[in-house]
Structures are given as structure tokens and as C-alpha cells.
Amino acid sequence: MAASTVVLSEQIRPWHNAGLRFLFDEDGSIAQAMSDAQAAASAQPAPVAQPSSSPVASAQSQTPQQFKQPTVQNQPQQQTSQQQQSPEQRPVQKVRSAAVPPRAIPSLVIHPTTKPPEEWPELWQSYWSKVQIPSPVVWTYWSLGDDLSGHADPKRREVLKKLIGSLNLPRGTSSFWPVAACGEVAGELTPAPEIFLAGLRRLRPRYSVVFGSKALKSFMPDSTLRPYLFTQFLGHRLIALPDVDYLVKSPNMLAPVIAYLRTAIRLSR
């Protein structure tokens with residue numbers, strides 16, 4: 001009976017040895033690591049086959065019914081003991097896979113500030129006074145700081161009102177939390193990712209929805225997340241979507257966004 005060898009990533013091997021057999025591979029990182037490990041193992045040179053005249057090779061080619069112990073003289077003790085084992089009893093030689101670097105996953109390049117909200121800049125304290133704590137769903141986009149500071153764009157407001165209203169979320173479950181603070185003139189926005197992340201931790205959302213790559217990269221500069229994808233971040237699900245200004249200019253894209261969010265966000269009423 002032929003034996004097969006499963007090549008595991010070194011990241012997963014301790015869990016497999018502990019008895020774990022099934023994983024929820026939400027972002028595909030585990031599948032990628034397994035694929036990389038398999039590719040690395042396949043790239044190794046094949047072991048040199050033993051000569052056909054070798055008693056061990058001839059024994060391996062026999063079926064269990066045909067197997068007979070050959071008469072061997074002056075054979076090393078280790079090889080003789082190996083001949084006396086049936087094919088089913090022989091230990092399977094483990095294949096050591098090459099070290100495979102883990103796939104990059106979202107991590108905190110920027111860390112939250114340790115200052116409490118009462119020590120944040122005045123404008124950020126004003127933003128913080130408008131949120132619901134805790135908030136199961138947090139929404140953000142690059143221009144949100146403007147929209148919360150007297151420079152609101154009515155077109156953006158109308159798009160967001162229609163979008164969130166179509167989801168029928170329970171009342172009091174959403175909060176708007178900006179990634180950047182506005183200046184004296186509309187459009188003059190200064191990101192404060194340390195404060196944004198600190199607020200996100202205090203809000204304890206189940207979902208955070210980020211519109212646009214500019215907002216996303218303000219606090220996750222190494223992110224490669226694309227619209228309609230999500231990842232786990234700070235203990236919750238972070239969802240990436242097209243920028244709100246893009247939805248304003250392309251109203252026909254609003255329906256696909258709503259349809260996607262209806263399946264991505266699940267809250268009990």
C-alpha cells in the first residue's frame with residue numbers, strides 16, 4: 001500500500017500535531033502558505049533510487065502476498081531488520097520541506113495613541129462626541145472630517161443616507177469616525193491615524209467599512225485590500241469599498257455596493 005506525505009507549512013504544523021484538522025481560511029493566507037510549502041517541497045531534488053539489484057528495492061516491488069525474505073549474507077544489521085518488515089510495517093520517511101516565509105497579513109504599522117479622548121485635539125474631541133459607544137458598525141471615508149465639520153457635501157450625504165438606509169440596520173448601531181481632521185478650508189484634511197485607531201478600539205465594532213484606498217492607506221499604509229474584499233483587523237471585520245466620491249459620480253454603482261453589504265454585514269435585530 002503506497003504511503004503519501006502531506007507537506008504542511010511550519011506555521012500550521014504545531015496546530016496539526018495538537019489534533020486540529022479544520023480551519024476557517026477567511027483571507028486565504030492559510031491556503032497560500034500551504035501552496036507555497038507544497039511548491040517548495042516539489043522543487044527539492046528527488047531522492048536517488050536504489051539499484052534494482054538491492055534486496056530492499058526488490059522487496060518494495062513485491063506485493064504483500066508475493067513477499068519472501070531473500071537470503072542475504074554479510075548484510076548490515078540495519079538493512080536486514082528492514083527486510084524483515086512487511087511493506088505495511090515500514091515507517092514512512094518524512095519529507096522535510098524547505099522553510100517557507102509566511103504570507104504577509106494585515107498588521108499594525110501605525111499604533112493607536114495611548115492618550116484618552118479628553119487629551120485629544122479639540123476637533124477630534126468634537127468628532128468623538130458624535131459617536132455611539134460601543135458601535136457594531138463604523139463607517140469612514142477620506143472626506144468624512146469635512147462632512148462632520150460644517151463643510152458637508154449634500155451629494156455625499158444623500159448617497160450615504162440611501163446606502164445605509166437600504167441595509168435596514170438596527171437603530172443606534174452605526175457611527176461615523178473620520179480618518180482625517182478638516183482644516184479652515186474644505187478639502188484641507190490632516191490624517192491622524194493614531195487617534196483613528198485608538199477610537200476604533202474604543203468603539204469595539206463588529207464591522208468597519210472603509211470607502212476608498214486613500215482612507216484605508218492612511219492607517220494601513222501596506223494594505224493591498226481592494227473594494228469588495230475584507231480582512232480581520234483589531235479583532236473585527238474590516239470591509240473595503242469604492243470611495244464615496246466615486247459613488248457620487250457613478251450612481252449606477254450604488255446598487256452593487258448595497259447588495260454586497262447586505263450579505264457582508266449581519267446584525268441581529
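When you scan the range 237-245, do you find a residue that is hydrophobic (A, V, I, L, M, F, W, C) and either part of a helix (DSSP H, G or I) or touching an Asp or Glu at 6+ places or on another chain (Cβ under 6 Å) (or both), even just one? Yes: one or more hits. The strands (runs of 3 or more DSSP E) located wholly in the range 145-215 that include 1 or more residues which are surrounded by fewer than 17 Cβ atoms within 10 Å (Cβ to Cβ) and either at pLDDT 95 or above or assigned by TED's automatic domain parsing to the domain that holds Leu123 (or both) occupy 189-191. Against the numbered list (1) surrounded by 17 or more Cβ atoms within 10 Å (Cβ to Cβ); (2) within 26 Å of the chain's Cα centre (by Cα), Trp120 comes up short only at (2).
Within the range 120-135, residues that are under 17 Å from Leu169 (Cβ atoms) sit with their Cβ atoms under 9 Å from residues that are in a loop (DSSP other than H, G, I, E, B) and among the β-branched types (Val, Ile, Thr), at 6+ positions apart or across chains, in these pairs: Gln132/Thr173; Ser135/Thr173. Of the residues examined, Glu188 is one that is free of Cβ contacts under 8 Å to residues at least 24 places away in the same chain, farther than 20 Å from Tyr246 by Cβ and in contact with a strand residue (DSSP E or B) (Cβ under 8 Å, 6 or more places away or on another chain). Here Gln78 clears all of (1) outside any loop (DSSP other than H, G, I, E, B); (2) at pLDDT below 90; (3) touching a Cys at 6+ places or on another chain (Cβ under 7 Å) except the condition numbered (3).
Among the residues of the range 224-233, the ones that are surrounded by 15 or more Cβ atoms within 10 Å (Cβ to Cβ) and not aromatic (Phe, Trp, Tyr) come to 3 in all.
Once the range 223-233 is narrowed to residues that are outside any strand (DSSP E or B) and touching a residue at least 40 places away in the same chain (Cβ under 8 Å), the residue that is nearest to Leu261 (Cα to Cα) is Leu225.
Among the candidates Phe219, Phe211, the residue that is aromatic (Phe, Trp, Tyr), closer than 21 Å to Thr263 by Cα and in contact (Cβ under 8 Å) with a residue 60 or more places away in the chain is uniquely Phe211.
The values are calculated or read from the model by the stated rules, or taken from the named source; none is laboratory data. Since this is a predicted model, take the numbers as computed values, not measurements. Backbone-built Cβ (ideal geometry, glycine too); neighbour counts: all protein chains shown.
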